[in-house]
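Below you'll find the structure, written out as structure tokens, and then a few comments.
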């Protein structure tokens, strides 16, 4: 039975007759390519789309990380939540370009300048072992690295991906260094290529990814551009250009001919991807059956008609029956690797003595899956599974379902010309179990409906987060033979329908969704998820508070019920020593699937340091101590992340500027406005569209958030108003922009220039030298000291200018080990009666983490009363 899934969400670029024609064209193709790089958005989508769509090669992308350490242009999520977004962006991209997706366990700890620094975070043998596991599980004939493995890659993660790709090519067949028990059966790829997109003159092979596909109505480059544009959190939208578009590869190693790499016309030159070598591995008795199936497939492709696909049903069913008969003679498939877990090493699952040749098994299995897909498409079958609600409550402490069941309606639509029998409908997923069996016949132009009932035992959450992380650089998830789609399906709510089409059994798997019509967006389908019955969310994971100063603060707790009935919840607060709450608990009655905000008032004084506040919800004396953090963007599948219901107070010794009133223009992933409010500074959010009509003179300072100019054309348009504000005596503080802020004409009062790539200081412990220690921005109202640079996370500064106009004064100097000092982290210049401050310090990472020095620095920067100091010319 095929485990191929029908998507209810964002689909690929083809459907209907185009999808069937493309599937038919790929049946029998045995080539397999694995591409490797470091992050989501590193992949060469034109190469993937051309291989997968044009040549129907099974093509996969292995990303070492999920991109957790990047920046975010579409929201405030950073760290693991950003990694979850970028994982889904990769899956959205693969749905379009036709590739498969794999990951290692490596956590993206942020920008790294070289491989040596990267290996300080990622144990080389461990991550190489993960790459070898994927190579052995996926078994590609060809590996393509998208990076060179040299310093010119510009990022340590990129360089490491290029190095490990080549090592995996060399070592995947080595069972001494990588024993079968821990890494799976050996596999030896035949050829190794690197992308030559940055150096096309060095390429040994070029392919026209702009090749037009009349069946799809687009070129493969256009498909690739749509795939690339799914990386919206990174701002990688690109044009879907028509015409010739070359992609370049350079062959670096090969175990097969031809000797002259430049004579190649395909990555498979010298590799026999026909069925001839595979037939030789079959028992002689079944070779005629395989030959008959392959001949019938050629006939099917020849008689394919877009307006009458039903004519293909009978011959495709016969082919599927023959292919399965051939595979059944092989015994079992190759051994499956059980991944590592906490306290459990990876090991190979025991198999019977007779095991199929891996290449033969893969070719037959892929051909069977594609034939099954074509049969379902030709028969005009579509399957949908829906539930009356988007969430399904479980009571975590008891690990049992709260409802007796969740009704799931499975609809089988027969839009073909022959009756189809439904022989079973099943519910699967994390904590789900099958219920009810039976068969029905679905006539042409009719719908068969199955009612099933799901029972949940635990909440759905991203599979790779379920066991947490080791330290800060490594997920404790298992690595095994499944790709990301298969891993997600394992922990998602899914419906599987068993069908009998032309007397041949097939199956279709589809997500269970809650479906509704949005007045603006139209048809919306949200995957059904098992969730905790009660969740308690605090507004922030970390908040600043002024140390040694009387506190009077409201703490808001969002309490949400997923129960289908009215629920009484007791919300209890545990406060740190030094604070008292007006009440340690509140009791609220929540409506069915309803929520409310519960507020506690805290008073007292906290000493300097970190302090923890805990909150729990009790229903029927069962504690609920999880918060849920939904992530929902139009271009990706919605997700729910979970965390503990706790909040840390970072109590900071900080003096406030006198009579401060700050106007704040938010940037991307920007916690600055919240930090100022938590520090008791009066701050007002300004929208760029407001600047033309707002009296800016009432603000003592105005702050522009990180990458705000990149995110808002209106801000660029209104920027003269901000410079005019500074000219009349105001303090304008601009946080870092993209790698080259000079591309926004006249945004800055005086020119700055950037190298490509822009300079950054990635070692968060890098020494900081205060060049002007008596400057008001470093002394007023808080005198900064060496301790203010302690406890920083991920990096010091990013996208620092390299050439600085002499009218700016550089206040800080810093550098990574072995590099020259950079003075572009904090610049200030007089503008008329006021000042302009440009800040590339990574405050956007420090403020959400409650770093004390970042709070003191930000407080000084918004001090509009500090005197303007003229630079020494």
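Derivation of every value follows stated rules applied to the coordinates shown; laboratory data play no part. Quantities reported herein were computed from a predicted structural model and do not represent experimental measurements. Don't worry about glycine lacking a Cβ; one is built from the backbone with ideal geometry, like all the others, and counts go over all protein chains shown.
With both partners inside the chain, how many of the DSSP beta bridges are antiparallel, as a percent to the nearest 5? Working shown, then result.
Numbers: 119 of 167 bridges.
Roughly 70 percent of the DSSP beta bridges within the chain come out antiparallel.
Kirkwood-type hydrodynamic radius, the range 734-873: 15.2 Å, calculated from all non-identical alpha-carbon pairs. In the range 31-251, the DSSP beta bridges split such that about 35 percent are antiparallel, to the nearest 5. Each residue in 122, 754 was given a count of other beta-carbon atoms within 10 angstrom of its own, and listing them fewest first yields 754, 122.
If a/c stays under 1.5 just call it rounded; otherwise compare a/b with b/c (prolate if a/b is bigger, oblate if not). Do that for the range 1-144, with a ≥ b ≥ c from the square roots of the Cα gyration tensor eigenvalues. Provide the component values of the computation, followed by the final result.
Details: a/c = 2.43, a/b = 1.51, b/c = 1.61.
Taking the square roots of the gyration eigenvalues as a ≥ b ≥ c, the range 1-144 is oblate.
Sorted from fewest to most neighbouring beta carbons within 10 Å, what does the list 157, 565 look like?
Numbers: 157 28, 565 12.
Fewest-to-most Cβ neighbours within 10 Å comes out as 565, 157.
Specify whether the C-alpha gyration tensor of the range 533-652 places it in the rounded, prolate or oblate class, a ≥ b ≥ c being the square roots of the eigenvalues: rounded for a/c under 1.5, otherwise prolate if a/b is larger than b/c and oblate if not. It comes out oblate by the Cα gyration axes. Enter the angle in degrees (range 0 to 90, nearest 10) between the Cα long axis of helix 852-861 and the first principal axis of the Cα atoms of the chain, meaning the one along which they spread out most. With both axes taken from Cα atoms, the answer is about 60 degrees. Over the range 661-861, what is the relative contact order in percent, taking alpha-carbon pairs closer than 8 angstrom and at least six residues apart? Normalised by residue count, the contact order of the range 661-861 is 23 percent.
For helix 313-328, report the angle its Cα long axis makes with the longest principal axis of the Cα atoms of the chain; keep it between 0 and 90° and round to the nearest 10°. Tilt relative to the chain: about 90 degrees. Relative contact order of the range 533-652: 35 percent, from C-alpha pairs under 8 Å at least 6 residues apart in sequence. From its DSSP helices (H runs of at least four residues, each -39,500 (n - 2.57)), the chain gives a residue-normalised ellipticity at 222 nm of -6500 deg cm²/dmol. Between rounded, prolate and oblate, where does the range 109-194 land on the alpha carbon gyration tensor, with a ≥ b ≥ c its root eigenvalues, rounded for a/c under 1.5, else prolate if a/b exceeds b/c? The shape class here is oblate. In terms of the mean number of neighbouring beta-carbon atoms within 10 Å, the peptides 723-730, 605-612, 29-36 order highest first as 29-36, 723-730, 605-612.
Order 693-705, 368-380, 301-313 from most to least packed using the mean count of other Cβ atoms within 10 Å.
Working: 693-705: 19.0, 368-380: 24.1, 301-313: 14.4.
Highest-to-lowest ranking by the protection proxy: 368-380, 693-705, 301-313.
Shown for 715, 499: other C-beta atoms within 10 Å of each C-beta, ranked fewest to most, produce the order 715, 499.
Relative contact order for the chain: 10 percent, from Cα pairs under 8 Å spaced at least 6 residues apart, divided by residue count. Checking [x] 275; [y] 181; [z] 266 against volume of the Cα convex hull per residue in Å³ calculated from these atoms, the matching label is [y].
Axis of helix 124-138 versus longest Cα principal axis of the chain: the two differ by about 30°, to the nearest ten degrees.
Antiparallel beta bridges, as assigned by DSSP with both residues in the range 533-657, represent about 90 percent of the total such bridges.
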